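Presented below is the structure to which this report refers.
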Amino acid sequence: MSHDLAEIYPPFGLRICCGEMVLRGITDADIVPLAEVARRGVHDKPHEESPLTPDWTQVPPERLTIDLAQWTWGHRSRFSPDDWILALLVEHRGRIMGVQEGKGFTFRENGLVTTGSWLGMEFQGRGLGTLMRQTFYTFLLDHLGARTVASEAFIDNPASIRVSEKTGMRRVGGTRKVRGLHSQQDQYVFAVDAPGLVRPQ
């Protein structure tokens with residue numbers, strides 16, 4: 001009996017569309033062009049002010065594609081209804097922009113998805129980051145059965161904080177995460193449920 005790959009790894013068959021934006025499962029053919037977007041730049045901050053934790057962009061350029069491939073393949077091997085990482089490629093008008101990710105650990109028990117995302121710098125500042133998060137959160141809350149969607153942002157990252165607020169997220173706590181090589185920095189924790197979500201227009 002033959003199987004479609006989407007039966008083995010469901011994200012291969014997933015396409016979430018909102019206007020000219022598409023979120024879909026990352027295939028092997030996407031890895032190199034996605035790494036090229038990251039290589040052109042995800043942020044312009046010095047290492048100790050990076051918005052990423054950890055800052056996976058701070059590796060030699062030749063290593064970036066290898067790391068991205070291993071990260072992508074690792075998600076596939078550990079995907080189950082109870083514990084999963086759903087990493088989706090984000091396209092706008094056919095151009096690869098970045099990644100939107102959600103983690104549903106003990107998902108059927110607690111209904112919580114923690115999320116993160118990145119966009120190439122060439123796509124930032126145009127409202128696309130807000131749209132991709134609204135689109136993804138709508139899928140999680142309205143279609144996948146999530147009860148709560150959460151996200152984190154360093155307290156000195158106003159752009160990420162504004163995007164969270166635009167989706168209807170509210171600050172529910174804080175944490176500290178390693179940033180750069182040695183330091184730790186405070187982060188805000190945001191969350192939203194279905195009634196509070198600001199959906200795409």
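Remarks
- Here segment 1-140 is assigned +1 on the Cβ of each Lys and Arg and -1 on the Cβ of each Asp and Glu. Its dipole about the Cα centre then comes out at about 280 debye.
- Shown is the FRET efficiency for Val189 and Glu36, computed with R0 = 30 Å from the Cβ-Cβ distance and rounded to the nearest 0.05: 0.40.
- Taking the Cα centre of segment 108-201 as reference, the dipole from Cβ charges on Lys and Arg (+1) and Asp and Glu (-1) amounts to some 60 debye.
- Mean separation of Cα contacts under 8 Å, 6 or more apart, over the residue count of the chain: relative contact order %: 20 percent
- By the helix-only formula, in which each DSSP H run with n ≥ 4 contributes -39500 (n - 2.57) and the sum is divided by residues, the chain has a 222 nm mean residue ellipticity of -8000 deg cm²/dmol.
- Fluctuation leader among Pro60, Pro51, Pro158 - the chain, Gaussian network, Cα springs under 10 angstrom: Pro60
- Using a probe of 1.4 angstrom and keeping all protein chains present, the accessible surface of the chain works out to 53 square angstrom per residue.
- Compactness index (Cα Rg / 2.2 N^0.38 Å), segment 39-96: 1.36
- Taking the accessible area of segment 153-199, probe 1.4 Å, and keeping the other protein chains in place, the carbon and sulfur fraction comes to 52%.
- Using R0 = 25 Å, the C-beta based FRET efficiency linking Ala159 and Arg15 works out to 0.35.
- The orientation-averaged shadow of the Cα convex hull for the chain, equal to a quarter of the hull surface, comes to 11.8 nm².
- Contour excess over end-to-end distance, with Cα ends at Glu7 and Glu49 and 0.36 nm allotted per residue: 11.0 nm
- Candidates Asp44, Asp83, Asp142, ranked by Gaussian network fluctuation over the chain, Cα under 10 Å, top entry: Asp44
- For segment 57-71 versus segment 11-46, the gap between their alpha-carbon centres in whole angstrom: 15 Å
The values are calculated or read from the model by the stated rules, or taken from the named source; none is laboratory data. Bear in mind the structure is a predicted one, so any value in this text is a computation, not a measurement. Methodologically, a virtual Cβ is constructed for each residue, glycine included, from the backbone with ideal geometry; neighbour enumeration extends over all protein chains shown. These area figures cover heavy atoms from the full protein model, side chains too; ligands, DNA and RNA do not enter into them. Shrake-Rupley method; radii C 1.70, N 1.55, O 1.52, S 1.80 Å.
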